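Let me begin by presenting the structure, written as structure tokens, before commenting on it.
The values are calculated or read from the model by the stated rules, or taken from the named source; none is laboratory data. This one's a predicted model, so the numbers in the text were calculated from it and none came from an experiment. Neighbour counts are summed over all protein chains in view; Cβ atoms, including those assigned to glycine, are modelled from backbone coordinates with ideal geometry. When the accessible area is computed, the model is the full protein with side chains, heavy atoms only, and any ligands, DNA or RNA have been set aside. Shrake-Rupley method; radii C 1.70, N 1.55, O 1.52, S 1.80 Å.
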Amino acid sequence: MDRMLLTRVSRLTQYAFLAALFVFIAMPMLVIVVFSFDANRFPTIPWGGFSLQWHRAILADPMIRDAFVNSVLVGCGTAALSTVLGFAAAYVDFRYRFRFKLGFVLLVAIPPAVPATILGMAMLAFLSRIGLFGRLETIMACHVAIATSFSMAIIRLRMNDLSRDLEPAAWNLGASPSAALLHVVIPFCKPALIASFFLSAAVSFDEFLIAWFVGGVHETLPVRILNLLQGQVNPKINAIGTVVLVISVVLVLIAQRFTGVRVGRRSSQS
Amino acid sequence: MAVSTNARAIAAPRWSFPGAARTSGAPAVMPAMLGVPVVGWQAVFFAAPLLFLVIVTFWQVKSFRLEPAFVLDNWSRILFSATFQRALGHTFIVATMTTVLAVLIAFPAAYTIAFRLPARLRDLTVAFLIVPIFSSYMLRIYAWQIVLSPEGMTNSALAWLGIGALPLLGGAFSLQVGLLTLTLPIAVLILVFALSGIDNTLIEAAENLGCRRSRVIAHIIVPAVRPAITLAATTSFLLAFGDYISPLFMTGSKPPTLSILIVDTVKSGSQWPRASVIGVAMLVVLALVVGLGQFLARGRTAKAGAH
């Protein structure tokens, strides 16, 4: 009996610990959303009552609108390009063995592991040297270099479930390599391609240091927020934050819906 | 078998096709067509900038202009400066603390998720953990400012209850809150995936032989996920060591971390070579830590396998 009580207490402690962790993770996002509807200028407790004034204020702010449009353009471009490049990288990794393969995979996989401060500084130094500084396309190109890593990972994971004999079978039946790729591999990878598109968009939509370094006068939304944060307290930030959070969450959830990640525990009972 | 391998070698001397041994006319142009754009893109927008960063550390600034040269002055100036050394020590200690905290908090949480939650709830928690990884870290730190600042949420709530204000923002505590906001979801996810992959029969066998749960965890579960623990730790260190946002907003850059130092050095005019030295030094430290992590993960697993 004593043992059972102990087990129960131990389980309860575990759940409580997990719940506390989830509160910690969810707290900042909740704070942003809740205070964006606060009538007070400064976010304090007690809450000042419901108001949409800050949301209306960001709609009226031309700098925020421009930044938003920039973010959407950069995000869409990044999503499309890094999905194409990520697919190519994943396919080369899946299908071929060659001499510098490890180097090839690392070249695509490493960028997110390099601190964005260093990467941003390096990109600014190099790209301004070759005359690519301060364009919207440059921000996008740099975001692609990072997002392709995520795209390759997702698409490569899907390819694990593709039978290696399927394509050779198509070649033997007379399909050209590109026809086999188009009619066998790409349809099979479609969910992963869609997931990669939305996840890359999310990566680009939230990135600020590189965009800040290489963008010049072109501000993306996170860069606008960073610049606002370095000024005075601005109640508009919560409202922009809510919009940004909603967009990222939607992008990630769509991506996750298509990856179909299942965390299964192999159990002898089931 | 030997013949077919040989035939493959003749058909495609540089490339081979796993799972396509019996196929003739295998597409040897494809890898080039698909691989070259990727390599080109990553070369121009990732590898070349980093390489250039290393080169710039040897360049000179003359009358506010960056000029090619080969001087070691930037290196000696930065490496021997007290500011850099203090920032390096501070950043290293802070990142190590985050790493230890992240693993200590993430492991029990991941354990509960993997072993105690029903399957549906597990998928939901995984979704819950993925979302923050891709949603604005900067905004989440700003939110912690609202929660922790002297006149912020926590303190106004405390005042409302008649309790005095606490100095929450601006110290080691708030910095760790910020860095754990960045690292914890990832650390938990890595461990959840690893723990979910453990074969249950092993655990059940140990339990049937009368092992207590604590022994099962120490002798079966932890060794089985050691590589994942190392990965979670290295990732946490990587993120905390390079982070710019938490030190900036949670401690007001006092004391400065290496990332802050980089941005300040870049901003303060044309001291690109010196900022580059700091960047390269950071990359060296990170490479050493990742290498050490790999060594630990491999060494231990090999030892465990030998037993």
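Quick notes on this structure:
- The interface between chain A and chain B buries about 9000 Å² of solvent-accessible area in total (1.4 Å probe, ligands and nucleic acids excluded).
- Here the accessible area of chain B is 70 percent carbon and sulfur, with a 1.4 angstrom probe and all protein chains present.
- In chain B, helices alone account for a calculated mean residue ellipticity at 222 nm of -22500 deg cm²/dmol, with every DSSP H run of four or more residues adding -39,500 (n - 2.57).
- Å³ per residue enclosed by the Cα convex hull of the range A:179-247: 101
- Rg [Å, one decimal], Dmax [Å, integer] - the range B:101-171, C-alpha atoms: 16.8, 45
- Taken along its three principal axes, the alpha carbon spread of the range B:106-233 comes to 57, 31, 28 Å, from the longest extent down to the shortest.
- Between A:SER51 and B:MET33, the FRET efficiency estimated from the beta carbon spacing at R0 = 56 angstrom works out to 0.50.
- Size descriptors for chain A: radius of gyration and Dmax over Cα atoms are 23.3, 76 Å.
- Computed Kirkwood radius, in angstrom, where 1/r is averaged over Cα pairs of the range B:44-110: 15.2
- Note on B:ASP199/B:GLU67: beta-carbon distance plugged into 1/(1 + (r/R0)^6) with R0 of 56 Å gives a FRET efficiency of 0.35.
- Scattering curve values for the range B:166-286, log₁₀ I(q)/I(0), Debye with Cα scatterers, q = 0.11, 0.14, 0.16, 0.23 Å⁻¹: -0.57, -0.75, -0.85, -1.21
- A cut-off under 13 angstrom between Cβ atoms defines the neighbours of B:TYR137, and their net charge, with Lys, Arg +1 and Asp, Glu -1, is -2.
- Efficiency of FRET from Cβ geometry, A:ASN172 and B:ALA165, R₀ 56 Å, rounded to 0.05: 0.15
- The range B:172-240 - Rg and Dmax from Cα coordinates, angstrom: 15.1, 46
- With at most 13 neighbouring Cβ atoms within 10 Å, loop trypsin sites (Lys or Arg not before Pro) (DSSP) excluded, longest segment of chain B: B:23-211
- Under the shape rule built on the C-alpha gyration tensor, where the axes satisfy a ≥ b ≥ c, the range A:110-168 is prolate, since a/c reaches at least 1.5 and a/b is greater than b/c.
- P(r) tail, the range A:1-103: Cα-Cα pairs separated by more than 17 Å, 77% of all pairs.
- With the convex hull of the Cα atoms taken as the outline of the protein assembly as shown, the averaged projected area works out to 32.6 nm².
- Spin-label pair A:VAL249/B:GLU151, simplified geometry with 7 Å Cα→Cβ offset, distance in nm: 2.9
- Surface composition of chain A: carbon and sulfur make up 68 percent of the accessible area, probe 1.4 Å.
- Taking 0.36 nm per residue of separation and subtracting the current Cα-Cα distance, fully stretching the chain between B:ALA43 and B:SER76 would add 8.9 nm.
- Area of A:THR13 that stays accessible when all protein chains are in place (1.4 Å probe, Å², to 10): 80
- Share of Cα-Cα pairs in the range B:222-294 lying beyond 20 Å, as whole percent: 42
- Every Cα-Cα pair of chain B was included, and the share exceeding 27 Å stands at 62 percent.
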